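Notes to accompany the following structure.
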Amino acid sequence: MAFKSAAPAEIVPTSPEEILLTLPRRTIPGVLLHQGEIMRSYASQAVSEPDVALQLPTGSGKTLVGLMIAEWRRRKFRERVVYLCPTRQLVNQAVGQARDQYGLTVNGFTGGKREYDPQAKAEYQNADRVAVTTYNSLFNTNPFFSNPDIVIIDDAHAAENYIGEMWTVRVQRTRLQHRVLFEALTGVLRPHLDGHDFSRLTGRWDSNPEDRRWVDKLPTPVFAEIADEFSAVIDAHADDLDIRWPWSMIRSHLAACHLYISATELLVRPLLSPTWQHAPYQNARQRIFMSATLGSGGDLERLTGRRSIKRLQVPEGWDRQGIGRRFFIFPDSSLEADDAVTLRHQLMQRAGRSLVLVPSEQQADEIREDVKTNLGFDTFGADAIEESKEPFVAMAQAVAVIANRYDGIDFPGNDCRLLFIEGLPRAANLQERFIMLRMGASQLFNERVQTRVLQAIGRCTRSLQDYSAVVVSGEELPDYLADRRRRVHLHPELQAELEFGSEQSAGTTMADIIENFEIFLANDARWDAANNDILRKRAVAVQLPFPALGELQTIVGSEIDYQARLWQGDYEGAVEAAESALGNLTDSDLRGYRALWHYLAGSAAWYGERAGIASLGMKARSHFSLAKRAAVDLPWLVKLARYQTPGEPSSGRSPRLLEQIERVEGVLERLGNVTDREFNKRER
């Protein structure tokens, strides 16, 4: 057999933007101005930084930028580069774009590692090809990608949902395989819950909106008291369940975790994901985070577990122009519930293909059945289209119904012109819901919630040429989008689209909504006047920053230090880190978050006293007292009374009264605060 010839030396340009010009099979002439600008910024400012974030809006060619940087580093430094996407569909999409548009060969890795192509594995290990795979392929207990030099995280705003799962145990009452374990754990919890809350865990939960919304947290001292019994119960069941891997990650670190409770789920996780414990991620020379929205309040650092990330900002000019055109429709502003369902049928018939996003699989099943019964259209779920969306796109009439997923699946161009979002929840998990609803610290998640909303409404508008109608309904999202107080924090283009949509949806009829939708769908001269109205609104809109972002950014390093120290069992260090964070939390808008950090400081000190550090006992009681005083109107903090400093004066407020006020606030929020339609209906 003849010996193989050595491969010719690869061309290594001075900047990532020049890589494209070395690829003869490309079908695009070159990089766009803004793409070249951010790649030059990266090459001149960030090559040696351990953590870098690139902000590139949707439709600005983020994938090209990421892959050119990946290929440049692979060639220049002979580095193993892993490019991470949230889903298999986006992996396949990125590999296809690289091949068909850029003329670049990269290797996609999906499925289990035993299914990976041997040649592709060798090419990655030898730094001969960039690897494109899912977050889960890196963030698991035994990844093939165990030694990457560079980790590029696309859609970094979605990372926490995937990264956090590695250290999150969910026991779900609604899943048959979890039910026995859920019931066993509720037995462990019973002595520590009042009768009403325990009944929520064992009785009907779906008939009462308050029960569906309810979330609680077991105070740290109580969780410590039951930790051994709690662990023994999970140990007896975990090997046969899908929780066995995350349980193996946190079992020895329960002092650094929290137990959250709802009517349908028990959740155990640390406050922040200890990503520094995961060697493939921690030991990489550089982590590059790419997102349409990076924020400025430290949220990216909290999501990814990095103390400091160098940001390369959005290129000039993208601060006012949006991506594509959206026509918002708010059926609840004018129509009764039955009419809103009829409207959905009518719009689906006219659009041909449509996408429906809902918060639960139960709702997804109900809509699929409704579509099949009343329209006769084929329906697709996330699993069916994640591998490839071609079967859906190939059909003239079809509906994709996706449960509890608001990013990672794109339908640009003619793929889909109609998007329904029904009930997007603000909180993605019980920890977020607890901090928002029970601790009054929703300011922490302002940017995160906004990013989720932006991702959801942008599923069908991925470029400047795209246009899609967005039909918004449910308990929380219509209020969020229609509320002028929140709207001022959105992009000027989106502010204008929402204001126009709200005006068109108020005091109208189903016939008018359908006619407007047909005009929008035709996208002809009849739509021009409406579009000009949106442009006029955009010209005067001003985007304001969220309050207290500076303080939230300042303390993020201390927050990560707290979690790291607690994970190691260094209780004194954890208390010091918490107190450092508290020293910079002074904004009145953050009083709920300040109360939370006093509680966290007290919890670490309480564990320290329990471990034999007597000097921390007084600190524990002091911080628990300060937590109550920081937010005296939060009923959950009343539970800390037994752990506070002896002789601490009462707040003078009845715990039962505070709980009643909290419930009334929840009912009013559920009824909506933008229009009074639901309130009037309830009143009648």
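The values are calculated or read from the model by the stated rules, or taken from the named source; none is laboratory data. Just so it is clear, the model here is predicted, and its values are computed rather than measured. Every residue, glycine as well, gets a Cβ built from its backbone with ideal geometry; the counts of neighbours run over all protein chains shown.
Descriptive notes on the structure:
- Verdict on Arg269 being closer than 30 Å to Asn136 by Cα, modelled with pLDDT of 95 or more and surrounded by fewer than 20 Cβ atoms within 10 Å (Cβ to Cβ): no
- The condition (being assigned to a helix (DSSP H, G or I), farther than 12 Å from Arg325 by Cβ and in contact with a Leu (Cβ under 9 Å, 6 or more places away or on another chain)) is satisfied by just one residue among Phe517, Phe445: Phe517.
- Test: Ala469 is more than 30 Å from Val632 (Cα to Cα) and assigned to a helix (DSSP H, G or I): no
- Taken over the stretch 55-66, the criterion of being within 18 Å of the chain's Cα centre (by Cα) and under 21 Å from Val91 (Cβ atoms) is satisfied by Leu56, Thr58.
- Scope the stretch 582-617; condition surrounded by 23 or more Cβ atoms within 10 Å (Cβ to Cβ), aliphatic (A, V, I, L, M) and within 13 Å of Ser558 (Cβ to Cβ); matching residues: Leu600, Ala601, Ala604
- Hits in the stretch 413-425 - residues which are crowded, with 20+ Cβ neighbours inside 10 Å and either assigned to a loop (DSSP other than H, G, I, E, B) or not aromatic (Phe, Trp, Tyr) (or both): Cys416, Arg417, Leu418, Leu419, Ile421, Glu422, Leu424
- In the stretch 27-72, the residues that are touching a residue at least 60 places away in the same chain (Cβ under 8 Å) and of a type in the set (Asp, Glu): Glu37, Glu49, Asp51
- Single unsatisfied condition, Leu201 versus (1) of a type outside the set (Phe, Trp, Tyr); (2) crowded, with 21+ Cβ neighbours inside 10 Å; (3) not in a helix (DSSP H, G or I): (3)
- Test: Arg78 is touching a residue at least 12 places away in the same chain (Cβ under 8 Å) and out of contact with any strand residue (DSSP E or B) (no Cβ under 9 Å at 6 or more places or on another chain): yes
- Flag if Ser146 is touching a Pro at 6+ places or on another chain (Cβ under 7 Å) and surrounded by 21 or more Cβ atoms within 10 Å (Cβ to Cβ): no
- Residue within the stretch 208-216 that is among the polar types (S, T, N, Q) and assigned to a helix (DSSP H, G or I) present: no
- Qualifying residue in the stretch 150-168 (condition: without any contact (Cβ under 8 Å) to a residue 12 or more places away in the chain and either not assigned by TED's automatic domain parsing to the domain that holds Arg212 or not hydrophobic (A, V, I, L, M, F, W, C) (or both)): no
- Residue list for the stretch 429-466, filter: closer than 26 Å to Leu640 by Cβ and charged (D, E, K, R): Glu432, Arg433, Arg438
- Checking Ala351 against (1) touching an Asp or Glu at 6+ places or on another chain (Cβ under 7 Å); (2) crowded, with 19+ Cβ neighbours inside 10 Å; (3) of a type outside the set (Phe, Trp, Tyr), the condition it does not meet: (1)
- Residue that is out of contact with any strand residue (DSSP E or B) (no Cβ under 9 Å at 6 or more places or on another chain), under 23 Å from Leu90 (Cβ atoms) and buried (at least 19 other Cβ atoms within 10 Å of the Cβ), where the choices are Glu390, Glu432, Glu447: Glu447
- Candidates Val82, Val91, filtered to the one that is assigned to a helix (DSSP H, G or I) and surrounded by 21 or more Cβ atoms within 10 Å (Cβ to Cβ): Val91
- Check on Ser137, part of a loop (DSSP other than H, G, I, E, B), of a type in the set (Gly, Ala, Ser) and within 20 Å of Pro86 (Cα to Cα): no
- With respect to being part of a helix (DSSP H, G or I) and not β-branched (Val, Ile, Thr), Phe434 fits the description.
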